[in-house]
Amino acid sequence: MAMKYGIICDIHSNLEALNLVVDYLKRVEKIERFICCGDIVGYGAKPNECTEFIRQLENCLVVAGNHDWGAVGLEDTSFFNPIAREAVEWTRRNLTEDNRNYLKNLASEIEEKNFMLVHGSPRDPINEYIFEQTTFLANLPGIKKNICFVGHTHVPLCFYATSSQQIGEILLDDGTVVEINPSYKYLINCGSVGQPRDGDPRASCGIYDAQRNSLKIKRIEYDIAKTQEEILNAGLPAALALRLGYGR
């Protein structure tokens, strides 16, 4: 039985990127199981198409992100920056009833045998960003499995704690492979499919091999110009189209 998972996150209504990432994972990596760490919608112009894509993706574990719940009224969006708020309100107006119900019913946390997944952090599954070691350390008690997969920051990053509580950090570039030590605790962010923010505009995803206990990062080029055009044509803020070109 194949024990490889494709890890996708922060799709943000970017259908172009989602299509190419999942196609790569299925065709090249022979992935049959998926992990989605939330934020299917928000920012981009294709919220219904992306939600339906994830709904139809077989063997996919999905947790809610702050934009998913924000778009369906389950999350307070008053503290979103003005551009994010405008996008979430646009998304709210454009979602179909079926997709709205799907997003509403997403869990905030899922636990499997060797790993767990949340969008933000173990102690605040929807909203907390983990960029640095101190926040990782504060969340360590909540990491109940070997690995906790997260999203939210749109930056690929791996934190780990050894059995003697020594903390380490690994930057995840295209092609980076992390060998998972079963006695460590890991917090892994595989980056964003639809709106990368680490200066690399290519879509980011992860391949987790549960049998070999390894994780690999893959970056994939997609049609950014087409996605930018869709955002502008939808009447969404121009900044959301521009940033895709810079990966910021």
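The values are calculated or read from the model by the stated rules, or taken from the named source; none is laboratory data. On a predicted model such as this, the values are computed, not experimentally measured, just so you know. Using ideal geometry, Cβ is built from the backbone for each residue, glycine included, and neighbour counts are taken over all protein chains shown. Only protein heavy atoms, including side chains, enter the accessible area calculation; ligands, DNA and RNA are left aside. Shrake-Rupley method; radii C 1.70, N 1.55, O 1.52, S 1.80 Å.
A few points about this structure:
- Mean Cα-pair separation over length for the range 140-212, i.e. relative contact order, pairs under 8 Å, 6 or more apart, %: 37
- Accessible surface of the chain, 1.4 Å probe, proportion on carbon and sulfur as whole %: 47
- Computed from backbone phi, the HN-Hα couplings of the range 46-63 come to 10, x, 5, 4, 5, 5, 5, 4, 5, 4, 8, 6, 6, 6, 10, 8, 10, 10 Hz, rounded to whole numbers (Karplus: 6.51 cos²θ - 1.76 cosθ + 1.60, θ = phi - 60°; Gly and Pro given as x).
- Positive-end residue of L103, Y186, A241, charge dipole of the chain with Cβ unit charges: Y186
- For the chain, the solvent-accessible area with a 1.4 angstrom probe is 42 square angstrom per residue.
- Hydrodynamic radius by Kirkwood, which averages 1/r over all alpha carbon pairs of the range 43-165, in angstrom: 15.6
- Given charges at Cβ of Lys, Arg, Asp, Glu: the range 1-156 dipole, positive-most of G42, N66, I143: I143
- Fluctuation leader among I83, I11, I126 - the chain, Gaussian network, Cα springs under 10 angstrom: I83
- Loop trypsin sites (Lys or Arg not before Pro), the range 55-137, which have at most 10 other Cβ atoms in a 10 Å radius of their Cβ (DSSP): K113
- Loop-resident GluC sites (Glu not before Pro) (DSSP state other than H, G, I, E or B) in the range 186-248 with no more than 14 further Cβ atoms inside 10 Å of their Cβ: E221.
- Stokes-Einstein D for the range 135-248, Kirkwood Rh over Cα pairs, 25 °C, 0.890 mPa s (µm²/s): 160
- The range 32-122, dipole about Cα centre (Lys/Arg Cβ +1, Asp/Glu Cβ -1), debye to the nearest 20: 140
- Per-peptide average of other Cβ atoms within 10 Å, ordering 58-64, 156-162, 190-196 highest first: 190-196, 156-162, 58-64
- For the range 21-56 versus the range 136-185, the inter-centroid distance based on Cα atoms is 23 Å.
- In the range 60-164, the GluC sites (Glu not before Pro) that fall in loop regions by DSSP, at most 16 other Cβ within 10 Å: E112, E132
- Alpha-carbon Rg/Rh ratio, for the range 166-222, with Rh computed the Kirkwood way: 0.99
- Three-way shape call for the range 114-197 based on the alpha-carbon gyration tensor, with the a/c threshold at 1.5: oblate
- Each Lys and Arg adds +1 at its Cβ and each Asp and Glu adds -1 at its Cβ; summed about the Cα centre, the chain shows a dipole of about 400 debye.
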